[in-house]
Amino acid sequence: MSAANTRHRGAGSQEAAGSQEGAGPAGRAPRNRTADRAGPAGPGSGGIRAERLSALAQQHGALVALLLTVLIASLSFDSFAGAGNLENIAVSSAFLAIVALGMTFVIVSGGIDLSVGSVFALGGVLAAWGSRYGPVVALLLALSVCGTIGLINGLLIARARLAPFIVTLAAMLGARGLMLNITEEGTSTFLLAKDSVFAELGRGKLLGVGIPVWITLVLFVLGGLLLRRTRFGQHVYAVGGNEDAASLMGASVTRTKVSVYVLSGLLAGLAGALNAAWLASGVTILGQGMELEAISAVVIGGTLLSGGMGYVSGSLAGVLLLKVIQNVINQIGSLDSAYQQVVSGAFLIVVVVVQTWLGRRRKARLTSPG
Amino acid sequence: MAEAVAGRIAPDRAAVHSWLQAYGVYVGVGVLLLFNVAFTDHFLSAENFRTQAVQVAPILIVALGMALAIGSEGIDLSVGSVMALSTSLVALYLGYGPWVALLATVLGGIAIGLVNGSLVAFVGVQPIVATLALMVGGRGLALVLVPQLEDVRDPGMRALGSGDLLGVPYPVLIALALVLLVGFAVRRTTFGRQLLAIGDSRPAARLAGLPVRRVLLCVYVASGALAAVAGFLATARLQASDPTSLGSLMELSAITAVVVGGTPLSGGRVRVGGTVAGAVLIQLLTATLIKHDLPPSWTQIAQAAVIVLAVYAARERGKR
């Protein structure tokens, strides 16, 4: 650890400062992020009311919107609040939520991971193929390959200092190529054995709720603890807030960055594996556009794309909000599924505009004298 | 200035890197050409060159807009969706004649560009997020307008897609004209100068009194309009409107062409000639792999490797 640290510091002012400026569009960010972060974290920052309000809107906006949407939807559509439909929403949210959890860490660290959709599909195909050797092999295979892709992403971004979006864009292409390669250009679909234990992981139920939903909840609790209550989590915030300051305070920037991309790869692979267990096959066309959904959910959940600030719980609310909206669009029979994309895109624009506006107001407040 | 600083640190390495970044793409194209001449059957035929040139035209046109966006230290991920939208608009408006259809597609591209540009320039949203939203929404909109593949039957469109002037296919002519136009705009106009200044340092450009917002808006409008033209040409060539798949992953090819061509992702420089060579390189790479019976998945893997290599080669010369 100390070796990595000194090396990083040795690279010092020219390297570190240079690459942060040069990291391209993904790396640009407002100056005041560390100050921003103090707001929602607790009573540390002053008691200016408007600032509190905007911080609250940032943190809980997705939850409020979710509750409102659910309320309106259950009043408007009889079928919405039925157990079957809610279960549908929960299970279809579970896979995206796991991906969004990893994305939250990446975005809080100031990066972005566009490869998750392809990695999700690859994880599913690998798990479906591996399930013939038992559930352990299925999971291990998916996790190890997807974790490795995350590791490569992380090393290229943290060590070679390449822009995150371009590296993960390439990984998106590479992972999908690999997946197509395994499946003979997508023509062969690996089916799970009928009575495979692995299928239980996707289809099984505990207390009437699907196992993927339980796994998601557990992962979110763990993820929340990891981000909020551990040294690693603090380092993720610090690196996303200001890389130079983080390395000066003793956080290993390289190690933190590599870890978040590995985490994102692992979670995307796990989500894909669970999805394959649920569908009982590794479907090759899955996961396209999933990176967008995951990023939207994270951003809607109040995580700043410029890094340094974000909430695991918000991402869960964001995922549920997206899925509820999609569900509602499906309930309106006359609307075709393409509307989901239009609505998602429009929704993302609205959220980003509001976020930018809130962030700018707070920044103006913090930088103004007095 | 960037070169001066880099030169002081490590003159030799910096020189090699800068040479590689600027001219590596031409070396790559040369190597691929030689390889194909030596090992690929029927490579040296007029028919083959024509096919390759026609296929490269849409990538090149999209890449030109992307080069402008990247030169302004931005990015435009929505170009593929703009192509999808324009193919839908062709299907909708072809009934009024090809010119109306062309007008509609270009207006559609400009509209998307206006939204992108306003988000980036006036609201201050990061380009990657703004254009990501339009990437999702744009393809959705295209599918709402035209839900499935439709045949495009029009003699004018067919002539545009497969006709030629003095042996040069129309799409290639149009692409070349746009290359000259963009090259001229970047090098010889105030807009180009301002664009590069903004890409180099936005705060400095603002302090110098440049119309930062207006220029950024124009960049994304230009990128949208160029992508729309590319979508129109691709529709003419395919003689079908297929909003599900047209332009998918185009943003990647365009970014690769621009980056491989030596335009740094950190902005402040646009290499139009390099972008042309970058687009040709991608097309040649794809064609080479296909002609040697490697499945398309290898093309994706190879393209991923090329992107990473190109960015890696360029990284030493980021803005300091």
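Annotations
- Within 10 Å of the Cβ of each residue in B:120-129, the mean number of Cβ atoms contributed by other protein chains is 6.
- Taking every full run of DSSP H in chain B, the ones that stretch at least 18 Å from end to end by Cα along their long axis and average -1.0 or higher on the Kyte-Doolittle scale are B:11-39, B:46-71, B:79-93, B:98-118, B:127-145, B:170-188, B:212-238, B:272-291, B:296-314.
- For peptides B:48-58, A:143-153, A:206-216, sequence by mean Cβ density within 10 Å, most packed first: A:143-153, B:48-58, A:206-216
- Note that chain B carries a Kirkwood radius of 20.0 Å, evaluated over its alpha carbons pair by pair.
- With N the number of residues in region A:206-346, Rg(Cα) / (2.2 N^0.38 Å) evaluates to 1.21.
- On the beta carbon distance between residue B:206 and residue A:207, with R0 = 60 Å, the FRET formula returns roughly 0.55.
- Kirkwood-type radius of region A:69-171, with distances r between different C-alpha atoms, in Å: 16.0 Å
- Two-site FRET efficiency, residue A:230 against residue A:159, from Cβ-Cβ distance with R₀ of 35 Å, rounded to 0.05: 0.90
- The fraction of all Cα pairs in the protein assembly as shown landing in successive 20 Å bins from 0 to the largest distance is 18, 53, 27, 2, given as whole percents.
- At q = 0.19, 0.20, 0.28 Å⁻¹, base-10 log of I(q)/I(0) for region B:238-290 (Debye sum, equal scatterers on each alpha carbon): -0.72, -0.76, -1.02
- One Cα centroid belongs to region B:261-316, the other to region B:32-82; the line between them spans 9 Å.
- Note on region A:47-364: with charges restricted to the Cβ of Lys and Arg (+1) and Asp and Glu (-1), its dipole about the Cα centre is near 1000 debye.
- For B:299-307, mean number of other protein chain Cβ atoms within 10 Å: 6
- Report note on the peptides B:192-203, A:338-349: ranked by the mean count of other C-beta atoms within 10 Å, highest first, their order is A:338-349, B:192-203.
- Dipole magnitude of the protein assembly as shown, debye to nearest 20 (Cβ charges: Lys/Arg +1, Asp/Glu -1, about Cα centre): 2460 debye
- For region A:47-364, the fraction of alpha-carbon pairs lying more than 27 Å apart is 43 percent, rounded to a whole number.
- Charge-dipole axis of region B:48-317 as Lys and Arg at +1 and Asp and Glu at -1 on Cβ define it, positive-most pick from B:120, B:110, B:298: B:120
- For chain B, the relative contact order is 34 percent, taking Cα pairs closer than 8 Å that sit 6 or more residues apart in sequence and dividing their mean separation by the residue count.
- Summary of packing: across the peptides A:235-245, A:265-275, the per-residue average of other C-beta atoms within 10 Å ranks them, highest first, as A:265-275, A:235-245.
- Extension gain (nm, one decimal) between residue B:35 and residue B:190, 0.36 nm per residue minus Cα-Cα: 51.6 nm
- Fraction in percent of alpha-carbon pairs per bin - 5 Å, region A:115-216: 3, 13, 18, 19, 17, 13, 9, 5, 2, 0
- Working from the Cα coordinates of region A:171-248, the gyration tensor eigenvalues give, after taking √(5λ), semi-axes of 36, 25, 7 Å in decreasing order.
- Shielding score for A:345-357, defined as the mean number of other chain Cβ atoms within 10 Å: 6
Values quoted throughout were computed directly from the atomic coordinates according to the rules given, and no laboratory measurement underlies them. Because the structure is predicted, anything quoted here is derived from the model rather than measured. Quick reminder, even Gly has a Cβ in these numbers, built from the backbone with ideal geometry, and neighbours come from all protein chains shown.
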